[in-house]
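Values in this text are rule-based calculations from the coordinates and carry no lab data. Keep in mind it's a predicted model, so treat the numbers as computed, not measured. Here the Cβ positions follow ideal geometry from the backbone for every residue, glycine too, while neighbour counts run over all protein chains shown.
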Amino acid sequence: MKEENQKKSRGAALLDSAIVACLFLFAAAAPNSIAVTQTAWLLGMTFWLLRFAFYPRPKLQRTPVDYLLLGFFILSGLSSLLSYEPMVSIGKMRAASLFTIVYLFSQNLPSRRVIRVLALTLVGACMINLIFTGAQRLLGVGVKVYNLAEASPLYKAGVRHGDTLLTVDGVKLHDPQELVNELSKPDKKVVTVTAYRHEWMLPCKVPRGTLLAGNNALEQLGVGSWSKGRDWRASGFFGNFVTYAEVLQLILALTVGLFVALRRKRSLIGLGLLLALAGMVGALLLTVTRASWFAFIVSSAVILVLSVSRRAVLVAGVLAIPLILAGLFVLQQKRNVGFIDQQDQSISWRETVWREGFHLLLSKPRHLLVGIGMDSIKSHWREWGMFDQGRLPWGHMHSNPLEIALERGVPALLVWLALLFVYARTIWRMLRDKTRLDWIEQGILLGALGGLAGFFVSGQVHYNWGDSEVIMIFYFLMGAVMALNNNSYPLELTGSNP
């Protein structure tokens, strides 16, 4: 019997180690790869379920958000069953099940030390995409064209001065000669050149056999000069600049929280956090995403107000002025719009879909109660007259509250709001008892609360709750907070407060 128990203990220890390894893989991959992050989540959940087959079985710790997380998931499932497109909505329940990340972390972190190292791992892993973003910007992409002649086949196809030609028939462009070679082939009548202009990708149809006479590629294309393009919106490894901006906002808040909580800022740790902050702020600026910029300002303000003196807050505000001015300059240069600009199509687009979404939500009691079902709008938007009768790109409502209410019903929205409130209140109460906190733990709590504030603010004009890359990091931070809230951990306050 003793030997059998010993074998079970080895199995339990092996699974416990595998789970912790998955948590670290999750933290390292979250800022860089959704595929690896979800693999770590699924493997971790599998190992955790297997762990219940070994003695001693894991003890489940209750958290303040249990009922609200489960309630929101159940209401999402009910909405899916009653959806206009049940199979489509039920398929979206896999994304809804990401809330289990909270429990994967909160129930399986063996010590406060592991929580602290995981937080630093998340910040450190973000440096990978920052290096990639910087290198990509330095090297440039595509062919940015200047001074096009009106006789140019590119000009006639819609390309204009300052556009960056990225691909021709889906193949990346590196220099003008490649485009000339493609336009000289006899096998097709028309090629599609993808041009980037401010924030838009424009497919331009260029007929073959329309090259001008000339001795070089530029003369044949009717282009005055060219360079590598460096004006696109940074997207890291995600391929979407809004996703990247929202991920950066959450990790930036954590980094700001850690830096503020660090007592000896003139140290190697302080230097590392400061370099990370500078890199993330630079990358966030290059996403040219206004809502995420504002979210970062809000999250930083929350962190500073809760942790430093009024004088320090004022000094930080003064130091932020050049950064704000730089952001406005970048916005004008890269997107050719102001911060609040009614001429900006993205603002008028949002105003249109918000108006249509509210109308659809109020059109039937059923919509108010259980919603229309997740993603059902993609199949029924025509009959509902959405997206300006199809004249606007169709997708979602660009607002967390409206999207949740419309797809899952007003009760689900109320539960969601209660979830965020209880989460914020839990962090607030933990921050008030600083005697139990190491500096890193205090930084995690400050970063989580600031990140929550920023997430909520940007979520008024973005559907970041539906972005898996973003919500996985959000749940990771929530799981870490709930783990710190677990009173069964020893304090481990060993004076490690640099």
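If each residue of separation counts as 0.36 nm, what is the full-extension length gain between residue 87 and residue 185 once their alpha-carbon separation is subtracted?
This chain segment gains 30.7 nm when fully extended.
For residue 268 and residue 368, calculate 0.36 nm times their separation in residues minus their Cα-Cα distance, and state this gained length in nm to one decimal.
Taking 0.36 nm per residue and subtracting the Cα distance, the gain is 30.6 nm.
Write out the trypsin sites (Lys or Arg not before Pro) in the stretch 59-151 meeting two conditions: DSSP loop, and at most 15 other Cβ atoms within 10 Å of their Cβ.
59, 62
For the cross-link pairs 265/434; 189/228; 156/228; 205/378, which exceed 25 Å when the distance is taken from alpha carbon to alpha carbon?
The answer is 189/228; 205/378.
Measuring from the lowest to the highest alpha carbon on each principal axis, how far does the stretch 50-153 reach, largest first, in angstroms?
75, 47, 26 Å, listed from the longest principal axis down.
Would you please report the Å³ per residue occupied by the convex hull of the alpha carbon atoms in the stretch 141-229?
It is 78 Å³ per residue.
Viscosity 0.890 mPa s, temperature 25 °C: Stokes-Einstein D of the stretch 118-176 from its Kirkwood Cα radius, in µm² per second?
174 µm²/s
Out of every Cα-Cα pair in the stretch 2-51, what percent are more than 13 Å apart?
Tail of P(r) above 13 Å: 57 percent of Cα pairs.
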